[in-house]
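The structure appears below as structure tokens.
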Amino acid sequence: MLFISLSVKAQENEGFVLNPSQPKALAPNQSVQINLAYIPVSDSDTTISFTGTSLSEYVIQWTVNGKKMNTLSPADGTLHASHGFNLASVIYTAPAVAPAKNPVAVAVQIKTKDGSSLWLVCNIQILKAQYKITLEAEQILPQAGQDIKLLGECYATLQPLDDGTYMLEPVDKTRNMNVTIKQNKIANADGAVSQIILPQQYKFPFLFSIVNMDKNSKTGKATVYLNTTAPQSGTVKNETTSDGKTVTTIVDIDKGSVTTIAPGYTNTYTLPTGGNLYVMDAITHLDLLSGFASDINTTMQNVNQNIADAQQKMEWAKRMQAHQNDPNYYKSAQGKKDMLKMQTLQQQVGRNIKNESNTTADIRQEMTKKMEKDPNYAGSDQFHQDLEKLQMNHDADKTIGGKPAMAEVATGTARLRIAGTFNTGSSEAFSESRENDTGPMHTTIKMKVEKMQ
């Protein structure tokens, strides 16, 4: 495992405070805003403003690993003021490759009230990645003047799974692709222009699975599983202008609601049971898989593959159910394979989450200890009770804060598969694309995996 935890602490001295606005580990090329603030030592201390250019005047210099802002190399990352010349707030962007000196020390030297100076340091850990995954997706519908272009990016490590297969696991331990809307404008023949104004960046889930890895040739059969290319949470805001009038559509994905705001008119419609995900995808216009779903040949091929996956899982589940009270089964060759299969499926869909609660972690650790001490524990009633308790706590973890801990993509429910060969010995380990024409609509999706230097 190449995951390294974040070590970021707010520094305080004589009332000055340095705080990251996003206290989390940074993946390659990811950014974080770092703010300098002042907290009065006493109620009468008002000599320094909390924010603004007056606070910036106390800044002497910012450095990264001891280097000044204007002397940084690509290996150090970048650092610049977030608001013009106001040095009270800066944005640090991690380098493309985790540096040798890690964590990175982002420091600021400031003047104190007595004329001396002091340093505040923020240590940011950069996650190490083996591969960079990129996605290019475009959908063109000339009759509607539609051209939607999405660019995705994700940094990942090659993760071995329990059953001998592999997956490319994002370094942030989610299953998400970070997507930027590079182009989204629909200009109809009647003069109406529609475009998304929020968000310009979002995430959607994917799964990159590799099987039959040949250690001699360093290659394996790889498949990218996709269910959508649209946002899965948050709010999407779209504006349509026609005859000088603007109609705003606000899609709240979490609530499953669509609000239309027009001159003199506002209406909110909430879909039943929180909203159908694919309906929400269609409303945002960002689900480019709809073009492939409209092609009967692609649809049937994908359905058949999903059915085959489901049948294999059903056979596995029936065996597990038939032997749930037989501890000796889990000692057999087939039983061990079935246990490995269960663990791999859990990893693929995110059940090996790293941000689980202490309670869930304790249950998992206790089950491991019981497995090591008692050969009859696996498959026993106690084992199944503990497993159910673990799953209940895991599900509770995933709803902490009202949002899932990570996205889930099951191979048996994928709407689109992009298959090819993954080569660990090549600088471009994977490169495949899918194109589809449904009537006048043309859709292209390209996936590429490059090895990090």
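Key figures
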{"quantity": "Matching strands (runs of 3 or more DSSP E) fully within segment 191-247 where at least 1 residues are farther than 30 Å from SER431 by Cβ and of a type in the set (A, V, I, L, M)", "calculated": "193-198, 235-242"}
{"quantity": "Qualifying residue in segment 275-296 (condition: surrounded by fewer than 18 Cβ atoms within 10 Å (Cβ to Cβ), in a strand (DSSP E or B) and either hydrophobic (A, V, I, L, M, F, W, C) or assigned by TED's automatic domain parsing to the domain that holds ALA137 (or both))", "calculated": "no"}
{"quantity": "Inter-residue pairs, beta-carbon under 7 Å, first under 11 Å from GLN391 (Cα atoms) and in segment 356-373, second at pLDDT below 80 and part of a helix (DSSP H, G or I), 6+ apart", "calculated": "THR360/ASN393; THR360/HIS394; THR360/ASP397; ILE363/ASN393"}
{"quantity": "ILE210 being within 21 Å of GLY145 (Cα to Cα) and either modelled with pLDDT under 90 or crowded, with 18+ Cβ neighbours inside 10 Å (or both)", "calculated": "no"}
{"quantity": "Selected residue [in contact (Cβ under 8 Å) with a residue 60 or more places away in the chain, surrounded by fewer than 21 Cβ atoms within 10 Å (Cβ to Cβ) and in a loop (DSSP other than H, G, I, E, B)] from ASP163, ASP172", "calculated": "ASP163"}
{"quantity": "Unmet criterion (only one of (1) more than 28 Å from GLN385 (Cβ to Cβ); (2) under 28 Å from the mean Cα position of the chain (by Cα)) for LYS313", "calculated": "(1)"}
{"quantity": "Top-ranked residue in segment 291-335 [being in contact (Cβ under 8 Å) with a residue 24 or more places away in the chain and of a type in the set (Ser, Thr, Tyr); ranked as nearest to GLY412 (Cα to Cα)]", "calculated": "THR298"}
{"quantity": "Condition met for GLN382 (modelled with pLDDT under 85 and farther than 30 Å from ASP147 by Cα)", "calculated": "no"}
{"quantity": "Set MET367, MET371: member being modelled with pLDDT under 80, farther than 23 Å from ASP281 by Cα and more than 21 Å from the chain's Cα centre (by Cα)", "calculated": "MET371"}
{"quantity": "Which numbered condition ALA144 fails, given (1) modelled with pLDDT of 90 or more; (2) more than 22 Å from ALA27 (Cα to Cα); (3) of a type in the set (A, V, I, L, M, F, W, C)", "calculated": "(1)"}
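The values are calculated or read from the model by the stated rules, or taken from the named source; none is laboratory data. Small disclaimer: the values here were computed from a predicted structure and weren't measured. When we count neighbours, we look across all protein chains shown, and the Cβ atoms used for this are built from the backbone with ideal geometry, even at glycine.
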